[in-house]
Amino acid sequence: MSLLEARGLSKRFGGVRAVDHLDLALAEGDLLGLIGPNGAGKTTAFNLLSGFLAPDAGEIRLRGRSIVGLKPHRICQLGVARTFQIVRPFPRMTVLQNVEVGALARHAGTGAAVRVARAVVEQVGLGPKANAVASGLTMPERKRLELARALATEPAVLLLDEVMAGLNPTEIERMVVLLREIHAAGMSMLLIEHNMRAVMALSQRVVVLNFGSKIAEGAPAEVARHPKVVEAYLGEEYVDAAPAR
Amino acid sequence: MTWLGIAALGVLLALPAVVSSYVLTILIFIFFYAFLGQAWNVVGGYAGQLSVGHAAFLGVGAYASAVLAQEVGLSPWLGMFVGGALAGALGAVIGYLGFRFGLRGFYFVLLTVAFAEVCRIVVNNVEAVGGAVGFYITFTGDPRQFQFRDNRAWYYVTLVLMLAATGIVALIERRRFGVYLAAIREDESAAEALGVDTLRYKMLAMIVSSFLTGVGGTFYACYLLSLQPNAVFGIPLSVEIIIRPIVGGSGTLLGPILGSFILTPLAEVSRYYLGQGGWHGAHLIAYGVLLVAVVLFLPEGAYPRLVRLVRARKRA
Amino acid sequence: MSTVTRRAFLKATAAGVAVVGFPLPLRAQAKTVKVGLIHTVTGPLAEPGQACRAGAQLAADMINAAGGITSLGGAKIEFLLGDTQTKSDVARTEAERVINQGAQVLMGTFDSGNTAAIVPVAQQRRVPFLVDVAAADPITANVAKSVKAGQQKVQYVYRNFPTGSSFGRRAVQYFNEIFKETGQNPRRVVVMHANDLFGSIQAKGFKAAWDAAKPSWEIVDVIPWPEPPSDLSTEVSRAKALKPDIIAPITRPASAQLLLPELIKQRVEVLGVISPGSPGLYEAGQIAALKQDLEYVMDNVPWPNFKNPKTQQVAAEYRKRTGGKTFDTQSGYSYDAVFILADVLERAKSTDPDAIVDAIKKTRFSGGLMVYGGPVIFNDLGDNPNAIPAMIQILGQKPLVVWPKDAAQEKLVFPRPKR
Amino acid sequence: MDLTLVAQGLLSGLLFGGVTSLMAVGLTLIFGVMRVVNFAHGDMMVWGMYLAWMLSSRAGIDPYLGFVVCAAALFVLGLGVQRGLVDRILDAPHEMQILLMLGVALVLENAALVAFGPEPARVRSSLTLPPLWLGPLFVDVARLITFVIAIALTVLLGLFLFRTAFGRRIRAAADNPYGALVVGTDVRRVYAVAFGIGAACVGAAGALVAPILPFQPTTGLGLSVASFNIVIIGGMGSLLGAFLGGLIVSIAESLGAVFLAPSMKELVSFGLLIVILLFRPAGLFGKRAA
């Protein structure tokens, strides 16, 4: 049984099919990359999976249980955590407090939550900044904070929306290492990424979206050669540090 | 800090022995508005849901306990909780409608203003509670009826109200509830993504806030002995309730208290010095200028600024 | 506790409570009687509150110029001024402040709610409180009730102003007398009133008195409007559709300026416009603004007795001081209250609160300038049953008393002439 | 129910609505461009009224002409308030913006009290013609003139915003401040002018209503709240919404006075507001919810 599975997932905005009959399956311990040109429907797919949008049609199951129609906070409590492409730290709270909010999803007491938060902050390498106010962080630090908060909810699946965007090559390298560590510790991940090198380096499998539909799926190397994928990316500039949309 | 708190509390406890009834009255209103500000702070400060209709909760609480006391003979000691519960229920209704339909920012402000105005207009037209003439409470000075002959008793009553509300807020602040409220204030969607049931926590904040405000209504009724809809449900009172915590620093534990200790005496002083001559209204101009100055020079509120000053001094 | 230690203490705690700089009580200072004069000087009721203050100040100046309170060695009346901002919490604080500054008597406040907030201060601090203007019955009645029930020993709150219920009774009585006098037989009366504190007190009192008296005419509808209104044209259309013989409006100054022109514009044909009690309808400013729209309108208000030559003089002086304002209900009653107070102090020969209360209870004062039904006395509720309104009518652009007959300056005109 | 009465209520409400529309248009412009809620809006209007009153009583200028001067004066006031105060707090938390505007409102209200005293004032226009009668219905000429001028001013404002380069910049800034910044508009200048125009609208509205509506220094709060209602009902930031919303609210209250106890008539507009907030928070004519 898949850990997280979507079948026939569809969402329209007006006349536009943002996501069209998408099937996705993620097994325990998977690290699946979700790629596609701008506007392919990747973020919409995330919003559907995490409950921020309700699908027009289709089914989403977490460990076989339907989570369609549940509120985002409920889905998070069930074990699906997400990050936002445009990071949304709680600006006037410290790094530790930011992460504590995530930890409170599993630990009702603030004492336990703070302990978990401290550990996660260390894990993502924000230890020295634990008591800094979030609004003062640099972009790479914010990306790590975003990741840390999601991790602190102790999810079964982590949905990461372009955590590399806006980072320079060195920083990307460090983020890749960090994600590998987290994955190695047993975390299942679904990764939206614009940075091809990072996706190829991290993912075991890649799903390619275009105009809301899946056009290819498979190991990174084969997908990259897929004619439909090549066509979809034709004319699309992809550089290492592709800016956020 | 702890020692400072204990010393301050000691001074507050001892004050009635040495100051005049007039100073006591000022302190009573400082405490009372700090209490109301603290109650508002739960939803308006911590949760960041700006209600400019809190007078409605005060009014409901005040009318409920006064009418029950006068018509049914229920002691306001119990009536204050009935009033609080009714205010809490009204808060739940307003909160549910506002939050369920996703009203944020200015839309929520106007929803709360509109509900308070609806209450004001309705009560103005309900003859059973006196309509626009208002509801008058007999002065008995009987402690069983929540009335006191001595201002010192009122002083301790309001001091307890303020400390109790502050204690409740302190408890909330340190718990999951408080952390979640702050997260909601900062970024609601992000909080939702981290497992925060935002609707539930905003509702809880609204209910706690309106309940406390409703409890305060009983003090208003029994201390001032008459209730007029335009006064207790009016926008000016809602504004009085919110300005102190905002000036002091909304979403901070001591902000409402500090704000009240700043604004109430300043209003008093400016009324005294500017209210004597022929320039009726000059003192309110001064008060308005003061509010503007606070926004320009203390944009995060007085308490956070004070904390930064103290820290800077310690470091130096 | 001595003043010195109190001052020292206050200085020590000044950071917390910015009260340094308030004059402290100097009770020992001789030759003045300190009166806390607290009115609605700012806020929505600023206009009548300022008139009260001006009337009282005129009276005090006159008393002081004539030698003050003889029995107290020529003590002068000194006012400690207070402003309630038309808010009850401020009213209570102001009362405490003036008492702290040494006020031996309180007067005020125009607004019934603000007045009620001062009542417990007067009772607790044992400072006699003479209400100059405020109509809600419970202000005094509630104190009398608790004294009767033994919850209070002494009543310190007294009022020289018609109460809401007495207003209504007089209005119905005058309506009947005027209809009889002029041989008219109107049937349909439409009451239109401002739904604020004073307006609804008047409307309720009028309706209750009408229910009790069962006169030959009928109140066909009561149309209240929110005060201040932004528009009254629909209300007037509604009244017109009821085919009234009499429009009985209860207005505030602002709503009068909307209502009366609207009645003319919409050609509401009635025998007369008779108000059961509208404060401010007769102000010089109102007459200037409303001009012919106000002509022949009658208003049942507490009013100065201009048949008294003294009233004429005082009114002229008042006009001079205030830049052309009419000596009216508010200024007149506050003026009288100060003279009643002077009379009380003369007889009390002391500023001891209980001596003052005793003297108040024994008051029989006939020097008032308002229209009274007899000398000023205080009944067991603490009210003056002889404080009565008079029917005034705007004739030749002047407010003139037309009823009761013995106070009438001019013969009343009813029904009003057709335009 | 008397049909004449209903028709009269409709007509009176419609004619009065012209001014409330103009007032709301001013507010919606300020909100749309700066996302700042002008709690001093009603008090600015009261100053427009007092200026009209001074022009009329001191210089003999009829308010139906004097409104131009009032609009100009309020434009300057609005510009000053924006440049001196609002401009500094555009990024401040909402509660600080509210506090600031409440402070400004308090100053304006009490400055009027000090300057003009508490008595209700009213401006006399020399154009006091007898009402027109359409069968059983009457039309108050003062209201008719006010209505026509108010509508003309709104149309002019619309033309300015939609047909001139600067107007387009204001609208662009309203749609997306960052976008406008990128295309090189001097956003601060646009903001100041937008605030000025918003204040000028309410100044003109004040002058135009002064012959119909008596006013006091305390009149402002009620007008502010009424403007908020209209703007929400019509759709925040929507010019057309504010305009039609003003007419709708005025008519609704007028009919409320026919069908309810008139002292409850304000319930109609607040009830309408609550229903709109809950079911169509973008307002009747707004584009989308916040």
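The values are calculated or read from the model by the stated rules, or taken from the named source; none is laboratory data. None of these values were measured; they are calculated from a predicted model. Glycine gets a Cβ as well: all are built from the backbone with ideal geometry, and neighbour counts include every protein chain shown.
Odds and ends about this structure:
- Only one of the listed residues (B:Arg152, B:Arg144, B:Arg176) is charged (D, E, K, R), free of Cβ contacts under 8 Å to residues at least 40 places away in the same chain and either surrounded by fewer than 16 Cβ atoms within 10 Å (Cβ to Cβ) or more than 30 Å from D:Ala257 (Cβ to Cβ) (or both). That residue is B:Arg176.
- Of all the numbered requirements in (1) farther than 23 Å from A:Gly109 by Cβ; (2) part of a helix (DSSP H, G or I); (3) in contact with a Lys or Arg (Cβ under 7 Å, 6 or more places away or on another chain), B:Ile184 misses one, and that requirement is (1).
- Restricting B:Ala221, B:Ala293 to those that are in a helix (DSSP H, G or I), in contact with a strand residue (DSSP E or B) (Cβ under 7 Å, 6 or more places away or on another chain), hydrophobic (A, V, I, L, M, F, W, C) and more than 7 Å from every other protein chain (Cβ to nearest Cβ) reduces the list to B:Ala221.
- Total residues in segment B:109-141, condition surrounded by fewer than 20 Cβ atoms within 10 Å (Cβ to Cβ) and farther than 29 Å from B:Val93 by Cα: 1
- The condition of being of a type outside the set (Val, Ile, Thr), touching a Leu at 6+ places or on another chain (Cβ under 9 Å), free of Cβ contacts under 8 Å to residues at least 24 places away in the same chain and within 14 Å of chain D (Cβ to nearest Cβ) holds for only one of B:Leu266, B:Leu284, that being B:Leu284.
- Total residues in segment B:104-144, condition facing chain C (nearest Cβ under 9 Å) and assigned to a helix (DSSP H, G or I): 6
Residue-wise test of (1) within 12 Å of chain B (Cβ to nearest Cβ); (2) among the β-branched types (Val, Ile, Thr); (3) under 16 Å from C:Val35 (Cα atoms); (4) in contact with a Pro (Cβ under 9 Å, 6 or more places away or on another chain).
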| residue | (1), (2), (3), (4) |
| --- | --- |
| C:Leu72 | no, no, yes, no |
| C:Ile77 | no, yes, yes, no |
| C:Arg92 | yes, no, yes, yes |
| C:Val127 | yes, yes, yes, yes |
| C:Ala135 | yes, no, no, yes |
| C:Thr140 | yes, yes, no, no |
| C:Val157 | yes, yes, yes, yes |
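- When residues of segment B:186-197 are limited to those that are within 7 Å of another protein chain (Cβ to nearest Cβ) and touching a helix residue (DSSP H, G or I) at 6+ places or on another chain (Cβ under 6 Å), the one surrounded by the fewest Cβ atoms within 10 Å (Cβ to Cβ): B:Asp197
- Look at (1) within 11 Å of chain C (Cβ to nearest Cβ); (2) touching a residue at least 40 places away in the same chain (Cβ under 8 Å) and you find that D:Gly241 fails only one, number (1).
- Residue among B:Gly37, B:Gly44, B:Gly61, B:Gly73 that alone is closer than 30 Å to C:Pro138 by Cβ and crowded, with 24+ Cβ neighbours inside 10 Å: B:Gly61
- B:Thr166 falls short on exactly one of the conditions (1) under 28 Å from C:Gln124 (Cα atoms); (2) surrounded by fewer than 24 Cβ atoms within 10 Å (Cβ to Cβ); (3) polar (S, T, N, Q), and that condition is (1).
- Condition met for B:Val60 (away from chain C (no Cβ under 13 Å), among the β-branched types (Val, Ile, Thr) and either over 30 Å from D:Gly235 (Cα atoms) or not in a helix (DSSP H, G or I) (or both)): yes
- Restricting segment D:101-110 to residues that are in contact with an Asp or Glu (Cβ under 9 Å, 6 or more places away or on another chain) and facing another protein chain (nearest Cβ under 7 Å), the residue that is surrounded by the most Cβ atoms within 10 Å (Cβ to Cβ): D:Leu106
- Test: B:Ala183 is facing another protein chain (nearest Cβ under 9 Å), touching a Ser or Thr at 6+ places or on another chain (Cβ under 8 Å), crowded, with 23+ Cβ neighbours inside 10 Å and not polar (S, T, N, Q): no
- Yes/no for B:Arg200 being assigned to a helix (DSSP H, G or I) and within 14 Å of chain A (Cβ to nearest Cβ): yes
- Hey, A:Ala221 on the phi < 0 side of the Ramachandran plot and modelled with pLDDT under 85 or not: yes
- Scanning segment D:198-237 for residues that are more than 14 Å from chain C (Cβ to nearest Cβ) and closer than 17 Å to B:Leu110 by Cα returns D:Phe228, D:Val231, D:Ile232, D:Ile233, D:Gly234, D:Gly235, D:Met236, D:Gly237.
- Members of segment C:63-97 found to be of a type in the set (A, V, I, L, M) and in contact (Cβ under 8 Å) with a residue 40 or more places away in the chain, listed by number: C:Ile63, C:Ile69, C:Leu72, C:Ala75, C:Ile77, C:Leu80, C:Leu81, C:Ala91, C:Ala95
- So D:Ala205, is it buried (at least 19 other Cβ atoms within 10 Å of the Cβ), among the aliphatic types (A, V, I, L, M), in contact with a Lys or Arg (Cβ under 9 Å, 6 or more places away or on another chain) and in a helix (DSSP H, G or I): no
- From the options C:Val297, C:Val270, residue that is among the aliphatic types (A, V, I, L, M) and touching an Asp or Glu at 6+ places or on another chain (Cβ under 9 Å): C:Val270
- Neighbours by Cβ (under 8 Å, 6+ apart or cross-chain): first from segment A:115-142, over 19 Å from A:Thr83 (Cα atoms); second among the acidic types (Asp, Glu) and surrounded by 18 or more Cβ atoms within 10 Å (Cβ to Cβ): A:Lys129/A:Glu141
- A:Glu59 vs. criteria away from chain B (no Cβ under 14 Å), acidic (Asp, Glu) and within 23 Å of A:Ala148 (Cα to Cα): no
- Among the residues making up segment B:251-285, a single one is surrounded by fewer than 19 Cβ atoms within 10 Å (Cβ to Cβ) and within 22 Å of D:Gln97 (Cβ to Cβ): B:Leu266.
- Condition met for A:Ala81 (under 29 Å from A:Thr138 (Cβ atoms), facing chain B (nearest Cβ under 9 Å), assigned to a strand (DSSP E or B) and touching a residue at least 24 places away in the same chain (Cβ under 8 Å)): yes
- Among residues of segment A:88-102, those that are more than 9 Å from every other protein chain (Cβ to nearest Cβ) and touching a residue at least 40 places away in the same chain (Cβ under 8 Å), counted: 3
- Condition met for B:Ile246 (touching a Leu at 6+ places or on another chain (Cβ under 6 Å), of a type in the set (Val, Ile, Thr) and within 14 Å of chain D (Cβ to nearest Cβ)): yes
- Residue within segment C:292-304 that is in a helix (DSSP H, G or I), free of Cβ contacts under 8 Å to residues at least 60 places away in the same chain and not charged (D, E, K, R) present: yes
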